[in-house]
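Asker: Quick one: the structure is below, questions incoming.
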Amino acid sequence: MKGLLLKDLRLMKMQKQFFIIITVIAAGMAVFGQGETFSPFIVAYMTFIGGLFTLSTISYDEFDNGNAFLFSLPVTRQGYVAEKYGFGLITGAGFWLLGLVIDIAAGLTRGMFSADTVVAALLILPILLLMLAFMLPFQLKFGGEKGRIAMIGAVGIVLLAGALLRKIAGAWNFHVDDALNNLETLNMSIGKVILAVVVLAAVLFFVSYKISVSIMVRKEF
């Protein structure tokens, strides 16, 4: 797996100009953004870009039937999937940290830094897990173009399901504010809720990994 990581890091190095531009854009948003409410977006933006690069490496591997050559080397399919998930975590967490540093530096410069910024940034890490858990199986199953189409379709289904649930909740007079008040009544702290979200994201990430391994084992090149 070390060799695959080095390969993907070299691919990432080839895109250094793109990442420099992304960093400059994030720094510009941090400097010229108004108020602290803008901060979580910058960290989320950087995290998304970092995690998204994993999909690009899969497309590079598939280009010109490259996977057929790749798996002629001492590379197992399970190891390949593990590397992609690990690489996604490394790049996503690395860009998350870079975004947080930019945020903190801009906040200190304007004298508007708050610990809430760090808390909001920490909430983005489970989203990174969910993003990778959702996107990687589609990319491995359908490839570059078809994978993007399949993901768009899946996102559409999720949005339609959310809209339907919202209508049902409205018909039953269920409101989110009431649910949050119930959490306070049950003495469930925000920390416990965050921990539950992290655990759920980790479980879904592991399930997604198993699904991806199954996809790669059955895939023919």
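The values are calculated or read from the model by the stated rules, or taken from the named source; none is laboratory data. Quick caveat, the model's predicted, so the values are computed rather than measured. In this analysis, Cβ positions are derived from the backbone assuming ideal geometry, glycine residues included, and neighbour counts consider all displayed protein chains.
Asker: Return the pair list, or none, for Cβ contacts closer than 6 Å from residues in segment 59-73 that are part of a helix (DSSP H, G or I) to residues that are of a type in the set (S, T, N, Q), at least 6 apart or on different chains.
Answerer: Listed pairs, sorted by first residue: 61/67.
Asker: Then there's this: Examine segment 94-112 for a residue that is more than 16 Å from residue 30 (Cα to Cα) and buried (at least 20 other Cβ atoms within 10 Å of the Cβ), and state whether such a residue exists.
Answerer: Scanning segment 94-112, I find no residue that is more than 16 Å from residue 30 (Cα to Cα) and buried (at least 20 other Cβ atoms within 10 Å of the Cβ), so the answer is no.
Asker: If you check 52, 4, which single one turns out to be buried (at least 18 other Cβ atoms within 10 Å of the Cβ) and not small (Gly, Ala, Ser)?
Answerer: Sole residue among the options that is buried (at least 18 other Cβ atoms within 10 Å of the Cβ) and not small (Gly, Ala, Ser): 4.
Asker: Could I ask something else about it? In segment 113-124, which residue that is buried (at least 17 other Cβ atoms within 10 Å of the Cβ) and part of a helix (DSSP H, G or I) is modelled with the highest pLDDT?
Answerer: Across segment 113-124, the extreme among qualifying residues is 124.
Asker: Can you confirm whether residue 12 is in contact with an Asp or Glu (Cβ under 8 Å, 6 or more places away or on another chain), at pLDDT below 85 and among the hydrophobic types (A, V, I, L, M, F, W, C)?
Answerer: no
Asker: Can you pull out the residues in segment 129-143 that are more than 16 Å from residue 207 (Cβ to Cβ) and surrounded by 21 or more Cβ atoms within 10 Å (Cβ to Cβ)?
Answerer: Of everything in segment 129-143, just one residue is more than 16 Å from residue 207 (Cβ to Cβ) and surrounded by 21 or more Cβ atoms within 10 Å (Cβ to Cβ), namely 139.
Asker: For segment 16-41, which positions are at pLDDT below 80 and either surrounded by 11 or more Cβ atoms within 10 Å (Cβ to Cβ) or part of a helix (DSSP H, G or I) (or both)?
Answerer: Those that are at pLDDT below 80 and either surrounded by 11 or more Cβ atoms within 10 Å (Cβ to Cβ) or part of a helix (DSSP H, G or I) (or both): 29, 30, 31, 32, 33, 36, 37, 38, 39, 40, 41.
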